[in-house]
Amino acid sequence: MTDQRVALVTGGSRGIGRAIALRLAADGFAVAVNYRREADAAQEVVERITAAGGRASAFAASVAEADDREALVGKVFAELGPVDAFISNAGIASRGNTVADTDLREYERVMATHVTGAFHLAQLLLPQMRTRPRGDIVLVSSVAASRASANGGPYTMAKVALEALGRTLALEELRHGIHTNIVAPGLVATDMGDRLASAVAGVATSADLDARAPYGHVCRPEEVADVVAFLVSDAAGYLNGQRIEVDGGGSAL
């Protein structure tokens, strides 16, 4: 084991998670890149980090499955050491149906991925995080949690529950030196963002909406990663229980 801080990023092979993994590695973290199916993408993230002199490994696990979660925590500890920062980023979208038309299995899958996975991983990681000089939990939510819309019930409900978990952990783990904060992006230029932009606005990619977005562009994954990196840095040493929206102020406007 080394004194290097270790970060576990779920859903770290693509999109926001990929940007977070790369940024934290650049800031000196050893990074556990979790993925579910995209092994090649996860390995590309690891190779970029190691090529730059960093330390990283890829770990396959579905955060929606209890056995996978338990195995993930054990493997990360064995290979990289105790986790100092848990970035709960893995997520899936719901299918755009009304509550009346949503299949119960879809609801359960979305909740298991966003909420149960984060809850159980936090349980599994807290014993080792409490032994570290500082612990950080960052939950990647969405502006949807504060501004619900029709035809997205499971996703919105999952993000609201995720934020409730974050606020609770911020209170419970304060005495153990653990900081828990929430990052809530708006539309981000990722694969999931592209699908959303196509469904809602009829454009090919979310970047096609740049001209309508604050500051001339839809949020990029790196801009979310910048906020996460700040929250786990010494500069945010007195922040806990905060929720930061990363949407250029567009949602509020």
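Bear in mind these aren't lab numbers, they're just calculated from the coordinates by the rules spelled out. The model shown is predicted, which means the values in this text are computed figures rather than measured ones. Methodologically, a virtual Cβ is constructed for each residue, glycine included, from the backbone with ideal geometry; neighbour enumeration extends over all protein chains shown.
Using helices alone, I'd like the mean residue ellipticity at 222 nm for the chain: each DSSP H run of four-plus residues gives -39500 (n - 2.57), total over residue count, nearest 500. Before the final figure, lay out the partial values.
Working: 8 runs with 103 residues, N = 253.
Per the formula, -13000 deg cm²/dmol.
Mind pulling the angle between the C-alpha long axis of helix 191-201 and the longest principal axis of the chain? Nearest 10 degrees, somewhere in 0 to 90.
Roughly 20 degrees, rounded to the nearest 10.
Restricting attention to the stretch 1-99, which trypsin sites (Lys or Arg not before Pro) occupy a DSSP loop and are surrounded by at most 13 other Cβ atoms within 10 Å? Before the final figure, lay out the partial values.
On the way: sites: R5, R14, R18, R23, R36, R37, R48, R55, R69, K75, R95; in loops: R5, R14, R36, R37, R55, R95.
Within the stretch 1-99, the qualifying trypsin sites (Lys or Arg not before Pro) (loop, at most 13 other Cβ atoms within 10 Å) are R37.
Mind pulling the angle between the C-alpha long axis of helix 15-26 and the longest principal axis of the chain? Nearest 10 degrees, somewhere in 0 to 90.
Result, in degrees: 30.
Could you tell me how many degrees, from 0 to 90 and to the nearest 10, lie between the Cα long axis of helix 221-231 and the main elongation axis, the longest principal axis, of the Cα atoms of the chain?
The angle comes out near 50 degrees.
Once you place label points 7 Å from the Cα toward the Cβ at A51 and R105, how far apart are they in nm?
4.1
Report, in whole Å, the centroid distance computed from the Cα atoms of the stretch 156-195 and the stretch 117-134.
If you average the Cα positions of each part, the centres end up 15 Å apart.
Under the rule a/c < 1.5 gives rounded, and otherwise a/b versus b/c splits prolate from oblate, where does the stretch 57-197 land using the Cα gyration tensor? Could you put the intermediate results ahead of the total?
Numbers: a/c = 2.06, a/b = 1.65, b/c = 1.25.
Prolate is the answer for the stretch 57-197, as a/c is 1.5 or above and a/b outweighs b/c.
In Å³ and rounded to a whole number, note down the convex hull volume per residue for the Cα atoms of the chain.
Details: hull volume 31.5 nm³, N = 253.
Output value, Cα hull per residue: 124 Å³.
If I build a Gaussian network model for the chain, linking alpha-carbon pairs within less than 10 angstrom, which residue out of N181, N97, N89 has the largest mean-square fluctuation?
Taking springs between Cα atoms under 10 Å, the residue moving most is N97.
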